[in-house]
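Below is one structure, written out as structure tokens; comments come after it.
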Amino acid sequence: MLLHVLSLGRVSYAEALGIQRRVIAARKQELIGDTLLLLEHPPVITLGRNASRANILVSDEWLASRGVEVHEVNRGGDVTYHGPGQLVGYPIVDLRGEWPGKRGPHLGPVDFVRLLEEALIRTCADFGVMAKRIPKCTGVWTLGGDDKSHISESRPFDGLRASCGAPRNIVEKKLAAIGVHVSQAVTSHGFALNVTTDLGDFDWIVPCGIKDHGVTSLKLEADARREPTMDRAIHATARNFGRVFQRQMLWCDSIEQLFAPSGSRI
């Protein structure tokens, strides 16, 4: 079974919505197969179905003066930011297909999101970044908990070191946001993975409405020997989607090739 992959480069949010609608309509009519769109956006803020406008911390006028668009969309989740250096993925798939973990006539939306998280966790691992889920906080996060790595095992733990070198509680940071929409069993929207994103732009919002966790990127977290680039992130993500969703990934060079009759794609 195939999953088509189309890398679009940097595309405005409005143009990407138009492409999504076209692909969704074709998938519902079974004119094309399941498809993963991979792209970047210019700076844009989006609000999902559950978003609070209060989670945008700057005025519309301030954003407009910097060319930053704001879009209200039908995906799940709260407010998020997209921008250069962030890999955005829009999987447009029919959940009635044969998918891992499917227990009824279609794969449940929550199970679909868990698979998205798994593919992204594996992608992070390809760059030496250990990542995880957090219960009730959709997305992909860095590891947290007590960090004891800075305490030397060769010296006893004494009172002095208890005051200035005690284990520190490390708060998880978000690497990837996820928000999807399902209509007639066909998915849209998807994920945003921070690869080399300028994290200062997240100061404009309360990401996903979560105030007690920050954001980070593969660039900041990656193993020095596995420098992340957008091209590497695209190929790692596609590879891990294939493994997790149990699909052969078929690359398309253009939207026209995606919509070409199947016999002419080879």
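Quick note: the coordinates plus some simple rules give every number you see, no bench work behind them. Quick caveat, the model's predicted, so the values are computed rather than measured. Cβ coordinates were reconstructed from backbone atoms using ideal geometry, including for glycine residues, and neighbour counts include every protein chain displayed.
So which residue, out of Ser65, Ser52, Ser188, gets the largest mean-square fluctuation from a GNM of the chain using Cα contacts under 10 Å as springs?
Ser65
Too long at a 27 Å Cα-Cα cut-off: which of Lys28/Lys174; Lys28/Lys219; Lys102/Lys132?
Numbers: Lys28/Lys174 33 Å; Lys28/Lys219 37 Å; Lys102/Lys132 22 Å.
Pairs exceeding the cut-off: Lys28/Lys174; Lys28/Lys219.
Given springs between every Cα pair under 10 Å in a Gaussian network model of the chain, which of Arg226, Arg49, Arg103 has the largest fluctuation?
So, out of Arg226, Arg49, Arg103, the one fluctuating most is Arg103.
Among Ile134, Ile234, Gly48, which residue has its Cα positioned farthest towards the positive end of the charge dipole of the chain, with +1 placed on the Cβ of Lys and Arg, -1 on the Cβ of Asp and Glu, and the dipole taken about the Cα centre?
The listed residue farthest towards the positive side: Ile134.
With +1 on each Lys and Arg Cβ and -1 on each Asp and Glu Cβ, and nothing else charged, work out how big the dipole of the chain is about its Cα centre, in Debye to the nearest 20. Before the final figure, lay out each step's value.
Numbers: 32 positive and 30 negative charges, 141 e Å.
Charge dipole, the chain, about its Cα centre: 680 debye, nearest 20.
Let me have the 222 nm mean residue ellipticity of the chain computed from DSSP H runs of 4+ only, each contributing -39500 (n - 2.57), with the sum over all residues rounded to the nearest 500.
Values: 7 runs with 71 residues, N = 266.
My calculation for the chain gives -8000 deg cm²/dmol from helical runs alone.
Of Lys136, Lys219, Lys28, which is the most mobile in a GNM of the chain whose springs link Cα atoms less than 10 angstrom apart?
Lys136
Which whole-Hz ³J(HN,Hα) couplings does the stretch 97-105 yield from phi under the Karplus relation 6.51 cos²θ - 1.76 cosθ + 1.60, θ = phi - 60°, glycine and proline marked x?
Along the stretch 97-105, the couplings run x, 7, 10, x, x, 5, 10, x, x Hz.
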